[in-house]
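The values are calculated or read from the model by the stated rules, or taken from the named source; none is laboratory data. Keep in mind that what you see is a predicted model, and the values were worked out from it rather than measured. Neighbour counts run over all protein chains shown; Cβ positions are idealised from the backbone, glycine included.
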Amino acid sequence: MRLTVVGCSGSMSGPQSPASCYLLRAEGADGQGGLRTWTVVMDLGPGAMGALLNYVDPAEIDLIALSHLHADHVADLVGMQVYRKWHPAGCLPQLDVLGPAHSLQRLRGLDGGDARESYSQEFAFREHDPAQPVQVGPMTLTSFPVRHPVPAFGLRVTGPGERGGEVTVAFTGDTDTCDTLIPLAQDADLLLSEAAFQEGRDQVRGVHLTGKRAGAVASEAGARRLVLTHLQPWTDPAVVRAEANEVYDGPIDLARAGDDWYL
């Protein structure tokens, strides 16, 4: 399984990166006796649609998973709809979108188009259900509700490892500390954790993690690697990384657009 950072800027697009967007790919059976690459996109924030075109043909995406419906995680779903509907070769096949309740209504609000537009040709929307994992080729996605001002979900994705066996990527989405984060991240090979807040600077709770809180989750869950993401343009990444280092002794990376991890 391969994780690629398409965009990692927190709360808005930044000078060096689009907003939240992550690409997961894995080789698996195509159902016809062969193999193919299966592709999941997690979030599609501002600036991500254009950057995504550098990595994958939108016709080859199998699922878009939306962690929550804040604009910095979903705004470029509008661009994906336009691309799929108006492609010169014809409308692309319907694409599954996994998201919170009312994802379709959120798209309509962002798009501002004709109220009669159903988007049914471009997308098939389905809701996160923690009791019902979603299978995408060789990858299994399990949703975990997390702590944010709007309904939000983290994703635990298991798939084939580069050296055989099964590997796990855990993505927190946007969240503060909550009871579901440990099972979400338990023994993950890679924990992709937001760390939008900074210790001593951001006092409000129930919105975001700090580097220290993300590190504490990684440590308690036994995650093998921590990747810190969703840092706003005004935040010094070195400070957030140092916070995580106080409580987690495993490898820590700072997400950058274009980064890859092969698991």
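Pick from the range 234-256 the residues that are charged (D, E, K, R) and closer than 22 Å to SER17 by Cα: which of them is nearest to the chain's Cα centre (by Cα)?
ARG256
Residue check: is GLY45 crowded, with 24+ Cβ neighbours inside 10 Å and without any contact (Cβ under 8 Å) to a residue 40 or more places away in the chain?
Answer is yes for this residue.
If you scan the range 40-75, which residues turn out to be touching an Asp or Glu at 6+ places or on another chain (Cβ under 9 Å) and acidic (Asp, Glu)?
Listed by number, the residues that qualify are ASP43, ASP62, ASP72.
Please pick out the residue among LEU254, LEU191 that is in contact (Cβ under 8 Å) with a residue 12 or more places away in the chain and either buried (at least 21 other Cβ atoms within 10 Å of the Cβ) or in contact with a His (Cβ under 6 Å, 6 or more places away or on another chain) (or both).
LEU191
Could you tell me which numbered condition ASP114 fails, if it satisfies all but one of (1) assigned to a strand (DSSP E or B); (2) of a type in the set (D, E, K, R); (3) free of Cβ contacts under 8 Å to residues at least 12 places away in the same chain?
In the conditions (1) assigned to a strand (DSSP E or B); (2) of a type in the set (D, E, K, R); (3) free of Cβ contacts under 8 Å to residues at least 12 places away in the same chain, ASP114 misses (1) alone.
Being assigned to a loop (DSSP other than H, G, I, E, B), more than 14 Å from the chain's Cα centre (by Cα), surrounded by fewer than 17 Cβ atoms within 10 Å (Cβ to Cβ) and at positive phi, is that true of even one residue in the range 13-27?
Among the residues of the range 13-27, not one is assigned to a loop (DSSP other than H, G, I, E, B), more than 14 Å from the chain's Cα centre (by Cα), surrounded by fewer than 17 Cβ atoms within 10 Å (Cβ to Cβ) and at positive phi, which makes the answer no.
Tell me which helices (runs of 4 or more DSSP H) are completely within the range 153-253 and hold 2 or more residues being more than 23 Å from ASP129 (Cβ to Cβ) and hydrophobic (A, V, I, L, M, F, W, C), or say none if there are none.
Here the list reads 211-221, 237-247.
Consider TRP261 against the criteria (1) of a type outside the set (D, E, K, R); (2) surrounded by 24 or more Cβ atoms within 10 Å (Cβ to Cβ); (3) in contact (Cβ under 8 Å) with a residue 40 or more places away in the chain; (4) not in a loop (DSSP other than H, G, I, E, B): it satisfies all of them except one. Which criterion is unmet?
(2)
Any residue in the range 134-146 that's assigned to a strand (DSSP E or B): show its pairings with residues that are modelled with pLDDT of 95 or more and of a type in the set (D, E, K, R) at Cβ separation under 7 Å, as long as the two are six or more apart or on different chains.
Within 7 Å, the pairs are VAL136/ASP62; THR142/ARG156; SER143/ASP129; PHE144/ARG156.
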